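Colleague: This structure is in structure tokens; I'll ask about it shortly.
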Amino acid sequence: MSIFLDENTKVIYQGLTGSTGRYYGLLNRDYGTQVVAGTHPKKAGTDVDGIPIYATVAEAAAATGATATCIFVPAPGVKGAVLEAAEAGMELVVVITEGVPAHDEAYFYNVVKRDHLNTRILGPNCPGLISPGKANVGITAGHIAKAGGPVGIVSRSGTLTYQALYELKQKDIGVTTCVGIGGDPVPGTSFIDCLEAFESDPETKAVMMIGEIGGSAEEEAAEFIKNHMSKPVSSYIAGVTAPPGKKMGHAGAIVSGGKGTAQAKMEALEAAGVRVGHNPTEAGELMAAIVRSL
Amino acid sequence: MISVGELRADEPRWVQSDAMDLLEYQGKQFFAQYGIPVSDGEATGDVEEAVAIANRVGYPVVVKAQVHTGGRGKAGGVKLAENEVEAREHAGNILGLDIKGHIVKTIWVEKASDIAEEYYASFTLDRSAKQYLGMLSAEGGVEIETVAEENPDAIAKIHVNPAEGLSEAQCRQWVVAANLNPDATEGAVDILMKLYEAYVQGDADLVEINPLILKPTGEVHALDAKVSLDSNADFRHPDYEQYDATQPRDERETAAHEKGLQYVGLEGTVGVIANGAGLAMSTVDVVNQVGGKPANFLDVGGGANADMFADAMNVINNDPSVKSIFINIFGGITRGEEVANGILEAMERVSIDAPIVIRLDGTNADEGRAILEPRLNDKLMMEPTMLEAARRAVELAE
């Protein structure tokens, strides 16, 4: 099995008519994803390489039965696009677009959380997610992933996500689902959401988690792993040797209490029983050892 | 007291590249647009103009250095002037002053304020709670970290749901919880409502007033301003372009910024070019792990074409401390042969002095390596893994 996405998921692409949306939308379709529709308020009735375009997400969903959407619209339009998708009842809203204002993210995250309990946002500023061999939604290169499990991947960083998939493929280890949650201030889906889903997915036997400096998401994940995960986890945190950040005011530093450094994250994860590598290759090797011992 | 989860640490600059930090005078002008009372004053880079401003606003005045660093007072960058002679003397001394490596080019001259009490107020994002966090304290005018450490109960915190906004009733409760002088309540509620509006409508990452003062006459007033804006929201605020010129960047960072590259200058000798922020960060880590010192962090982004590599190489080339260059590329959608051709074409355009070590992996890596293979020499090397490439680059830098 996979989490959040499989070969039966029907996906609408908001922004399919733009150059980036078209490029990745068609690549995703080639991979096997059910790319059933695109939306554009003024291009309803046209198509992109045979994929029908509707004016709104609601119309596209009614016509196709889609339950997921992937957003490639430019940053100023993302807030509207996410709210439209949620109002149309989409269960999964994947936002690839980068450069979305933090206040927009904070707003739509909280509106969706309050009013649309069945909607999961992934991103913004994320590579999307791939359930290898089944479906790929976003900008991950499908062929760098081996299908089948037993490993689930969750990552905050784009290229390191690809690196992780590739490290595992070279060791002939398959992946159930790889989720890129993105590094923006208000990610719709957290490490914990993914860990929880992997924990209850019978085909996922182990989880690889790629984090980076800043915030406290990794520390929170470590707490979750300690208390709720039975499956083994390996991890890598980028930015171990990052110099101290410039300080702008003190409102951030004051509540950080030493959290946010790679060192603190690695220690928290190790204390939770996670095997932590010092570079992506080492994390891959640790996961290979875990898989051998399963 | 409202309890609050742990917030983020101040993030290293490369993940914070969307933040635009304002100087105090810019922050005060920003606050003034939202109706927050600030002292009458003006910014200038000229001594005689400073005197004219002082004469206009009326003595006593405060002359304040405008630099992106703390500790201005201790460094002699903030002075009170009672008359024209003193104003001229202080302006002359402060302009050109070196404060922790920042040379003062601009001073702010404002009317001095009588202070009865000093408070602290700020809004920022609590990333754990995914809500806004307001902090208010009766103990202002000092380092707020010290207050947080020694007397955390002296800081009243409030979470605001971004989907709901801050109501006046909520704000009033918060002010009461902070135990300010009751004379300050009305003024504080008014300023905090406006500060919230500035934070949200102005697309700020941080708005902070320290000190927020109560005057003997009963008015509440912002005596300082720390504002960091989210440059991702520039499309809503075309006027924010003006702040770009005063961002604290070294020469290398300025050159990279002009080319649209994500670059952070470091102190070492190994130039780093990678695609993707995570991989670039990881590359800096690995160079350190094998005993080297990275000269920079440079993310060339997703696509990999000759223009981008040429720009990146130019930026690195301008750094005299670079002794070797490590190009670390993982091809995802971008194919290895595109990367290889991009690098070779860029090398024809830019004359590079330092030897280059390439690690190319991912999609069509073999095809890309095959293109690079015949061109390898003692100025252009290739290694199969990140670690080996890092070791080679570090050796070459020694």
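Colleague: Out of A:Gly25, A:Gly18, A:Gly38, report the one residue that is of a type outside the set (Lys, Arg) and surrounded by fewer than 19 Cβ atoms within 10 Å (Cβ to Cβ).
Modeller: A:Gly18
Colleague: Ok, one more. Among the numbered conditions (1) charged (D, E, K, R); (2) farther than 30 Å from A:Val154 by Cβ; (3) at the interface with chain A (Cβ under 9 Å from one of its Cβ atoms), tell me where B:Glu251 comes up short.
Modeller: (3)
Colleague: Identify, from the list B:Asn296, B:Asn275, B:Asn288, the residue that is surrounded by 24 or more Cβ atoms within 10 Å (Cβ to Cβ), in the same structural domain as B:Ile333 (by TED's automatic domain parsing) and under 19 Å from A:Val240 (Cβ atoms).
Modeller: From the options B:Asn296, B:Asn275, B:Asn288, the qualifying one is B:Asn296.
Colleague: Right, another one. Of the numbered conditions (1) surrounded by 14 or more Cβ atoms within 10 Å (Cβ to Cβ); (2) assigned to a loop (DSSP other than H, G, I, E, B), B:Asp114 fails exactly one; give the number of that condition.
Modeller: (1)
Colleague: Now, a different point. So which residues in region A:120-168 are surrounded by fewer than 24 Cβ atoms within 10 Å (Cβ to Cβ) and either more than 11 Å from chain B (Cβ to nearest Cβ) or part of a strand (DSSP E or B) (or both)?
Modeller: A:Arg120, A:Gly133, A:Lys134, A:Lys146, A:Ala147, A:Gly148, A:Gly149, A:Pro150
Colleague: For region A:95-119, name all the residues that are free of Cβ contacts under 8 Å to residues at least 12 places away in the same chain and not in a helix (DSSP H, G or I).
Modeller: Matches in region A:95-119: A:Leu117 only.
Colleague: So how many residues does region A:87-110 have that are within 14 Å of another protein chain (Cβ to nearest Cβ) and open to solvent by less than 10 Å² (accessible area, probe 1.4 Å)?
Modeller: Final tally of qualifying residues: 8.
Colleague: From the residues in region B:213-255 that are part of a helix (DSSP H, G or I) and more than 24 Å from A:Pro74 (Cα to Cα), which one is most open to solvent (accessible area, probe 1.4 Å)?
Modeller: B:Glu251
Colleague: So which residues in region A:169-211 are open to solvent by 20 Å² or more (accessible area, probe 1.4 Å) and either without any contact (Cβ under 8 Å) to a residue 24 or more places away in the chain or of a type in the set (S, T, N, Q) (or both)?
Modeller: Residues satisfying the conditions are A:Gln170, A:Ser190, A:Ser200.
Colleague: It is to be established whether one or more residues within region B:155-166 are touching a His at 6+ places or on another chain (Cβ under 9 Å) and at pLDDT below 95. Can you show your working first?
Modeller: The first filter runs over region B:155-166 and keeps only residues touching a His at 6+ places or on another chain (Cβ under 9 Å), leaving B:162.
From what is left, the residues that are at pLDDT below 95 are none.
Within region B:155-166, not a single residue is touching a His at 6+ places or on another chain (Cβ under 9 Å) and at pLDDT below 95.
Colleague: Could you tell me whether A:Ile173 is at negative phi and under 12 Å from the mean Cα position of the chain (by Cα)?
Modeller: no
Colleague: What tally of residues in region B:254-293 results from selecting those that are away from chain A (no Cβ under 11 Å), touching a strand residue (DSSP E or B) at 6+ places or on another chain (Cβ under 7 Å) and hydrophobic (A, V, I, L, M, F, W, C)?
Modeller: 5
Colleague: Tell me which of these A:Ala68 doesn't satisfy, since it passes every other one: (1) of a type in the set (Gly, Ala, Ser); (2) over 25 Å from A:Lys42 (Cβ atoms); (3) crowded, with 19+ Cβ neighbours inside 10 Å.
Modeller: (2)
The values are calculated or read from the model by the stated rules, or taken from the named source; none is laboratory data. Small disclaimer: the values here were computed from a predicted structure and weren't measured. Cβ coordinates were reconstructed from backbone atoms using ideal geometry, including for glycine residues, and neighbour counts include every protein chain displayed. The area values use the complete protein model at the heavy-atom level, side chains included, leaving out ligands, DNA and RNA. Shrake-Rupley method; radii C 1.70, N 1.55, O 1.52, S 1.80 Å.
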